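*Asks:* Let me begin by handing over the structure; questions about it come next.
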Amino acid sequence: MRYVDGFVCAVPTDKREEYRQHAEAAAQLFKKYGAERVVETWGNDIPDGELTSFPLAVQCKTDETVVFSWIMWPSKAARDEGMAKFMEDPFCDPNENPMPFDGKRLIYGGFETIVDC
């Protein structure tokens, strides 16, 4: 059964193209290291919540946009191996390639697929 990594973050709205380029480069590496698919989405209908919401979860500021992303892997084992290789890649050196968003407000997790229609 496929394994999915999910991510939610807040990106400065004026850095959309910089983020897209960064995400495109990362996606190519994830695929090099075994990912089947990488999807990055830019929020355009994200309601504010009172108790919980995507904007609240990532402390989204008025000049930021919520991004929702996921990576599909063939299995958790493939993900563990691929993610380890990705994290060792020079692309992940923040001194050489800083992320165009605040990584401290990134939410992520790994998920087992239970329905895939």
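*Asks:* Do you know which residues across the range 1-22 are under 19 Å from GLU64 (Cβ atoms) and either charged (D, E, K, R) or open to solvent by 80 Å² or more (accessible area, probe 1.4 Å) (or both)?
*Replies:* ASP14, LYS15, ARG16, GLU17, GLU18, ARG20, GLN21
*Asks:* When you go through ALA77, ALA25, ALA35 one by one, which is the residue that is in a helix (DSSP H, G or I), touching a residue at least 12 places away in the same chain (Cβ under 8 Å) and open to solvent by less than 90 Å² (accessible area, probe 1.4 Å)?
*Replies:* Every option except ALA25 fails the conditions.
*Asks:* Still on this structure, I have one more. So, in the range 38-52, of the ones that are farther than 22 Å from LYS85 by Cβ and among the aliphatic types (A, V, I, L, M), which residue ends up surrounded by the fewest Cβ atoms within 10 Å (Cβ to Cβ)?
*Replies:* In this case the residue turns out to be LEU51.
*Asks:* Being modelled with pLDDT under 95 and closer than 14 Å to VAL8 by Cβ: is that true of GLY43 here?
*Replies:* Judged against the criteria, GLY43 is not a match.
The values are calculated or read from the model by the stated rules, or taken from the named source; none is laboratory data. Please read these numbers as outputs of a predicted model, since none were measured by experiment. Reconstructed Cβ throughout: ideal geometry from the backbone, glycine too, with neighbour counts over all protein chains shown. Heads up: the accessible areas ignore ligands, DNA and RNA and are worked out on the full protein's heavy atoms, side chains in. Shrake-Rupley method; radii C 1.70, N 1.55, O 1.52, S 1.80 Å.
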